[in-house]
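The values are calculated or read from the model by the stated rules, or taken from the named source; none is laboratory data. Bear in mind the structure is a predicted one, so any value in this text is a computation, not a measurement. As a convention, Cβ positions derive from the backbone with ideal geometry for all residues, glycine included, and neighbour counts pool all protein chains shown.
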Amino acid sequence: MQDGWMAPLKAKWRNFRRQRAAFAEFARCDLSEIVRIADDLGISANELEDRPLPAKWPSYCSNGVAIEAITH
């Protein structure tokens, strides 16, 4: 029996399962591994991770009043 119209559906299902497994594997990584992967790719961990790290700019911005007004 030929796959016919089923072949594209099977391929999409396989791709979905592979992608889901890859996302699950990445979700199990700890922060140090995420940072290392991001460094290997030449991007920041915030760009790579679905759960971005907290912003660090408030700790070095000299205008604390403006930051307080924006964040609250």
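So which residues in region 42-72 are hydrophobic (A, V, I, L, M, F, W, C), surrounded by fewer than 10 Cβ atoms within 10 Å (Cβ to Cβ) and modelled with pLDDT of 70 or more, if there are any at all?
Selection gives Val65, Ala69, Ile70.
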For Ala7, state whether it is at pLDDT below 90 and either loosely packed, with under 11 Cβ neighbours inside 10 Å or not in a loop (DSSP other than H, G, I, E, B) (or both).
no
